[in-house]
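Each value in this text was obtained by applying a stated rule to the coordinates, not by laboratory testing. Since this is a predicted model, take the numbers as computed values, not measurements. When we count neighbours, we look across all protein chains shown, and the Cβ atoms used for this are built from the backbone with ideal geometry, even at glycine.
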């Protein structure tokens, strides 16, 4: 069964610090991997999308990495801000691009 | 600017009521999805549609049905609402191209009492 596992489940960091969120997947075949940010009570918003040939993709202070060989991805947040407090969801798309497999998310809390 | 809208942000219904959740997109996307999101379970696919009047069951279709009469509108129907259908419901569309960008609506938080 295709799965996406994220770790940690939750994380608390101080404002200004960096953090890294992990995503491991078993989805096959693989088309692309996305990271979403979801604020409480809102729909997810796309941060990055990477195809299997891409290793790194940045969006401001967010940098996603992908190792398609080990089926691992990470999302690195630099110089965290209070507004980064949200859930971060890893989503993997199989080869045909319709049904997506979602991780259960990492809940990040940034404290002053 | 891309837009996916949902008819209600918050909804409270009684057990046994028929509930309609509507989703409208303005991107001319063919693929539309309904998910529910529960704590610790992530997003789970209820139904999706890849064309007008076409629909396919997702992972948890029981207790739900859908309607896609027009390309821009995808409705989720709870035939007889139950308390275990209390959840956050998210509509999404899927674009075309190499990256298949997916856009989500703001969500509807449904409470069934």
- request: With no solvent and one equal point scatterer placed on each C-alpha of chain A, evaluate the Debye formula and give log10 I(q)/I(0) for q = 0.12, 0.13, 0.23 Å⁻¹, two decimals.
  value: -0.37, -0.44, -1.29
task: Please report, to two decimal places, log10 I(q)/I(0) for the range A:46-108 at q = 0.25, 0.30 Å⁻¹ as given by the Debye formula with identical point scatterers on the Cα atoms and no solvent.
output: -1.25, -1.48
- prompt: Which of B:42, B:63, B:95 moves the most in a Gaussian network model of chain B with Cα springs under 10 Å?
  reply: B:42
Mean separation of Cα contacts under 8 Å, 6 or more apart, over the residue count of the range B:1-112: relative contact order %: 35 percent
message: Pick from B:72, B:22, B:30 the residue whose mean-square fluctuation is largest in a GNM of chain B, springs joining Cα atoms under 10 Å.
response: B:30
- prompt: Given 0.36 nm per residue, what is the gain on full extension from residue B:3 to residue B:28 after removing their alpha carbon distance, in nm?
  reply: 8.0 nm
query: With the contact rule set at Cα under 8 Å and sequence spacing of 6 or more, what percent relative contact order holds for chain A?
result: 38 percent
field: Label point 7 Å beyond Cα of residue B:72 along Cβ direction - residues of the range B:1-43 with amide nitrogen under 14 Å
entry: B:1-6, B:23-30
- line: Kirkwood Rh over alpha-carbon pairs of the protein assembly as shown plugged into Stokes-Einstein at 37 °C, 0.692 mPa s gives a D in µm²/s of 183 µm²/s
query: For chain B, what is the largest minus smallest coordinate of the Cα atoms on each principal axis, given in angstrom and ordered from greatest to least?
result: 42, 29, 25
query: Where is the GNM fluctuation largest for chain A (alpha-carbon springs, 10 angstrom cutoff): A:44, A:29, A:94?
result: A:29
- request: Distance from a point 7 Å along Cα→Cβ of residue B:80 to each backbone N in the range B:7-46: keep the residues under 14 Å and list them by number.
  value: B:15-19
